[in-house]
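Every number here is computed from the coordinates shown, using simple stated rules; none is lab data. For clarity, every value in this text was computed on a predicted model and none was experimentally measured. Every residue, glycine as well, gets a Cβ built from its backbone with ideal geometry; the counts of neighbours run over all protein chains shown.
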Amino acid sequence: MRNITGTVAEGEDFFGRDKEQRQMWSKLQDNANLALLAPRRVGKTSLLKRLKATANHHGYRAVYLDVGDAADEWAFVERLSQAVLAEAGNELILQKLEGNPLLQYFKNIKKIGGFGFSVEKEQQQQARWDKLGQSLLAALDATDGRWLVQIDELPVFLLKLLQPESDAARQRAREFLYWLRRLRGDYTQIQWIVAGSIGLDAVAERYRLSDAVNDLTIFHLQAYDEPIADHFLQALAQSYPLALPLEVRAYIIDRVGWPIPYHLQLFYAGLRDHCDGRTSATREDVDAVFENLLQPAHSSYFDTWRQRLQDELGRPDSDYALGLLNAVCLDPAGVSRDTLGLWLGAKLNDPEAKDYKLRYLLNVLDGDGYLIEDKGRYRFRSFLLREYWRRRVAA
Ligand SMILES: Nc1ncnc2c1ncn2[C@@H]1O[C@H](COP(=O)(O)OP(=O)(O)OP(=O)(O)O)[C@@H](O)[C@H]1O
Ligand SMILES: [Mg+2]
């Protein structure tokens, strides 16, 4: 197993997630469509790729696409088409589309790798992205077997449609989401997993679009639990000359607080640099790596946690959330709900509005992996993130 820090973990490099895979397949077998949600870098894409690679054991074939950088609905459908044609086979899909007035578009995809916006501009005017997408899915549905369509980074695409904010933008996003929802309902051989690091549920609520996604079963991907985190560190250490004794592994898990695979990978990579030439790491090495991970060179990862509040909540809620987090980061043991209520009460005069807002924000911050409630107190899940927040955001 390789110590990878950033790219998707596939094949031999993919570790654990057995329970999650079982749970997700079981929900899929019950005909659910899923929304796989977790903060940045918890391992969503790796898990999607794993589900795809093992889909045939469960009677499915899977299509994966990432729509995070798709510019508009056309680009979305183009990406979907490329993924479907590549996975199901050009010939088969084109054959199923025989007689469809839109066949030529899909032939273009095959020929030049896109709908050919520049080449076929005129034709594009005559067709509509929604009809193209529907024809494509109908063709896929008509092939043998069951399909799983995985759409990664859907909330990022959705936010793009919603910005800049206006009634027209909201209407456009609504139409897109309803189109997607109809696709989920119309084709019995096709099921869906949408995934994203920005809470689809929170975005939908904020823009009053919840009805367009409430058929999805939400699956929050969490950190490894402790025994799995320990096995993972053990497996990493067996692949390199730097050993991690039991107590050092326990100490790493202790210090990260929130053992997502990425943080464990970062720690081990940091230890390999730091312990250059030695064959075993110590607790002191772990402390040194912790400090190092908080240096500005690594801050781009943590910065996304701050940016995300703005993307997901918008103002003024993002400012309130920021204030709550600034208060919480000061104490490693966290802060009581009452104290947080007092802080928010100073911003919002109406006590009922304050109670509602507090409940809403704590819910989002918990669901999104920032905070965890423990014996009536809220604290940061990740000690790395807490320390970053304390030094760079709240300071
Ligand atoms: N199952 C796993 N086994 C080993 N390492 C993993 C696993 N899942 C995630 N990782 C580690 O976490 C990193 C991020 O994983 P991945 O890209 O799958 O997360 P993500 O949730 O899709 O992130 P993003 O929100 O940035 O797209 C990987 O580069 C790897 O270091
Ligand atoms: Mg990803």
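Some observations on this one:
- Cross-link pairs beyond the 24 Å C-alpha cut-off, checked among 27/49; 44/96; 107/131; 27/96; 27/52: 44/96; 27/96
- Under a model in which nothing but the beta-carbon of Lys, Arg (+1) and Asp, Glu (-1) is charged, the chain shows a dipole of about 220 debye around its Cα centre.
- For the stretch 189-319, a crude dipole built from +1 on the beta carbon of Lys and Arg and -1 on the beta carbon of Asp and Glu, taken about the Cα centre, is about 220 debye to the nearest 20.
- Separation in nanometres of the label points that stand 7 Å from Cα toward Cβ, at residue 165 and residue 210: 1.8 nm
- Extension gain, residue 142 to residue 61: 0.36 nm times the residue separation minus the Cα-Cα distance gives 27.8 nm.
- Cβ-Cβ FRET estimate between residue 22 and residue 218, R0 fixed at 25 Å, reported to 0.05: 0.90
- The chain: relative contact order as a whole-number percent, Cα under 8 Å and 6+ apart: 18 percent
- Residue exposure proxy: 178, 356, 370, ordered by other Cβ atoms within 10 angstrom of their Cβ from fewest to most, comes out as 356, 178, 370.
- Each of the peptides 216-222, 378-384, 82-88, 335-341 was scored by the mean count of other Cβ atoms within 10 Å over its residues; in descending order, highest first, they stand as 378-384, 82-88, 216-222, 335-341.
- Residue 172/residue 283 FRET efficiency (R0 41 Å; Cβ-Cβ; nearest 0.05): 0.15
- In the chain, one over the average inverse separation of all distinct C-alpha pairs is 23.1 Å, which is the Kirkwood hydrodynamic radius.
- Put in order of Cβ neighbour count within 10 Å, fewest first, the listed residues 224, 207 become 207, 224.
- In terms of other Cβ atoms within 10 Å, 372, 260 run from fewest to most in the order 372, 260.
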